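Undergrad: Okay, here's the structure, questions in a sec.
The values are calculated or read from the model by the stated rules, or taken from the named source; none is laboratory data. Everything numeric here is computed off the predicted structure, so don't read it as measured data. Neighbour counts run over all protein chains shown; Cβ positions are idealised from the backbone, glycine included. These accessible areas exclude ligands, DNA and RNA; they are computed on the full protein's heavy atoms, side chains included. Shrake-Rupley method; radii C 1.70, N 1.55, O 1.52, S 1.80 Å.
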Amino acid sequence: MSKKIRLGILGGGGDSLIGVLHRVASFINDNYQITGAVFNPNLEDSLSFAKQIDIPTNRIYKDFDTLIEEELKLPAEERIQVCSILTPNFLHFPMAKKLLENGFHVICEKPMTTTYEEAKILQATLEKAGTIFAVTHTYTGYPMVRQMREMIKAGAIGDIQKVDAQYYQGWINPIIHEKDKRASTWRLDPEKSGISCCMGDIGVHAFNMIEYTTGMQIKSLLSDLNYLYDDNKMDIDGTALVRFNSNAKGIIRASQIATGEENGLTIKIYGNKGGLKWEQENPNYLYVMSDDKPLQVYKPGHAYNSDLSLDGTKLPPGHPEGIFDAMANIYLGVARAVRGEKYNDGEFPTMLDGVRGLNFIQSSVTSHQKGNIWIDLD
């Protein structure tokens with residue numbers, strides 16, 4: 001029998017970017033085999049897509065509930081072990097909850113749920129289930145992000161004083177200015193996307209990157225969001241001032257109407273001994289800054305990097321790795337956890353990261369709605 005982990009997929013059919021990203025990532029380290037799926041709401045579409053990507057159709061199910069029901073009839077050694085949730089946001093919570101209640105491990109796209117209350121319910125469900133739960137904050141899988149985390153942990157830049165995280169995209173700009181287009185985009189529909197678009201979709205990545213790399217928790221924030229049109233109920237741009245559990249302060253800047261921007265996630269962290277800067281669009285470069293030395297550039301695959309960084313590097317120095325590899329590193333960490341192997345706690349974001357993310361999203365919206373006031377995170 002195959003030693004590969006049996007993987008189920010929910011959503012991600014057709015030309016879905018997230019779908020191909022997860023499928024390729026699951027294959028990269030040879031740990032998973034797609035065993036069953038519900039790729040689309042329509043069974044015929046799911047079957048057609050399964051044939052297109054050349055996987056067996058005998059466990060392509062008509063809907064999520066049928067997948068659970070039929071998989072539980074199978075012996076444990078044949079059943080799906082891990083299920084990846086790649087659906088629109090509003091389906092994350094009910095799917096994740098039922099999967100956990102029935103003993104499945106879960107890999108879930110972010111945001112983990114659409115509300116902070118749902119996130120806390122899910123956390124309690126996981127505590128009872130005792131299974132593995134990962135949230136795909138993909139950028140934590142980049143070797144140079146992991147190197148940044150390890151350098152900060154080792155005190156390379158001293159005490160952190162200032163953090164600046166920016167995530168700028170422009171994809172909503174062609175949509176937002178036409179009423180029919182903005183009304184038909186699911187990310188701008190609170191019923192499907194939740195209470196936030198920009199902060200819920202990309203601002204939460206910047207938030208997670210800050211907490212992942214610094215090892216500090218944001219304690220409070222003050223946000224100012226932009227909706228642009230009165231009939232648009234979802235933020236498409238925003239800024240949040242943040243305070244930590246120390247004297248450190250920072251800023252999160254996120255926008256989906258930054259005209260011409262592609263996927264501009266940048267994080268800068270400044271300590272009293274030095275600074276670090278990383279840009280998602282040039283992920284193989286980690287810039288190390290100080291007052292008394294020339295600018296240094298760290299790159300993946302070299303022996304000077306940390307074990308965590310090197311573990312996430314698949315190619316020799318000078319061979320670019322990208323977002324598929326970053327996501328694959330998260331899948332690799334989950335595989336180790338599922339098998340009970342030793343792994344670094346930086347290998348994949350957990351339920352706690354998902355709960356923290358929803359706390360950030362809710363607090364950002366609340367701060368804005370109450371007149372741009374400081375809100376404490378739990």
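Undergrad: Taking a quarter of the surface of the convex hull around the Cα atoms of the range 302-378, what do you get in nm²? Don't skip to the answer; put the middle values down first.
TA: On the way: hull surface 31.2 nm².
Its Cα hull, projected and averaged over all orientations, spans 7.8 nm².
Undergrad: Quick one: order K128, K181, K314 from most to least accessible surface, probe 1.4 Å. List each step's numbers first, then the result.
TA: Values: K128 185, K181 90, K314 65 Å².
Most to least solvent-accessible, the answer reads K128, K181, K314.
Undergrad: Right, here's the next one. Are any of the pairs K73/K192; K120/K277; K179/K233; K153/K249; K110/K192 more than 21 Å apart by Cα-Cα distance, and if so, which?
TA: K73/K192; K120/K277
Undergrad: Mind checking the log10 I(q)/I(0) for the range 166-290 at q = 0.17, 0.18 Å⁻¹? Debye, one equal scatterer per Cα, no solvent, two decimals.
TA: The computed values of log10 I(q)/I(0) come out as -0.89, -0.97.
Undergrad: Counting only heavy atoms of the protein chains, get the accessible area per residue of the range 163-298 (1.4 Å probe) and round it to a whole Å² value.
TA: So the range 163-298 comes to 44 Å² accessible per residue, rounded to a whole number.
Undergrad: For the range 108-154, which whole percent of the accessible surface, found with a 1.4 angstrom probe, sits on carbon and sulfur atoms?
TA: 50
Undergrad: I would also like to ask the following. Which percent of Cα-Cα pairs in the chain sits in each 10 Å bin, short to long?
TA: 5, 23, 32, 26, 11, 2, 0
Undergrad: Could you give the dipole magnitude of the chain about its Cα centre, charging the beta-carbon of Lys and Arg +1 and that of Asp and Glu -1, in debye to the nearest 20?
TA: 720
Undergrad: Right, another one. Regarding the range 6-58, what are the three Cα extents along the principal axes, ordered largest first, in Å?
TA: The Cα atoms of the range 6-58 stretch 31, 24, 16 Å along the principal axes, largest first.
Undergrad: Kindly provide the GluC sites (Glu not before Pro) of the range 35-114 that DSSP labels as loop, not H, G, I, E or B, and whose Cβ sees at most 16 other Cβ atoms within 10 Å. Display every interim value, and only then the final one.
TA: Numbers: sites: E44, E69, E70, E71, E77, E78, E101, E109; in loops: E77, E78, E109.
Those that pass, being in a loop and sparsely packed, are E77, E78.
Undergrad: Is the range 82-235 best put as rounded, prolate or oblate by its Cα gyration tensor, with a ≥ b ≥ c the root eigenvalues, rounded for a/c under 1.5, and otherwise prolate when a/b is larger than b/c, oblate when not? Walk me through the numbers before you get to the answer.
TA: Values: a/c = 2.07, a/b = 1.12, b/c = 1.85.
Here the range 82-235 falls in the oblate category.
Undergrad: Return the whole-Å distance between the Cα centroid of the range 1-20 and the Cα centroid of the range 113-133.
TA: When both Cα centres are located, 22 Å separates them.
Undergrad: Cα centroids of the range 212-254 and the range 148-206: how far apart, whole angstrom?
TA: Value for the Cα centre distance between the two parts: 9 Å.
Undergrad: Take every Cα pair under 8 Å in the chain that's 6+ residues apart, average their separations, divide by the length, and report that relative contact order as a whole percent.
TA: With pairs under 8 Å counted, the relative contact order is 20 percent.
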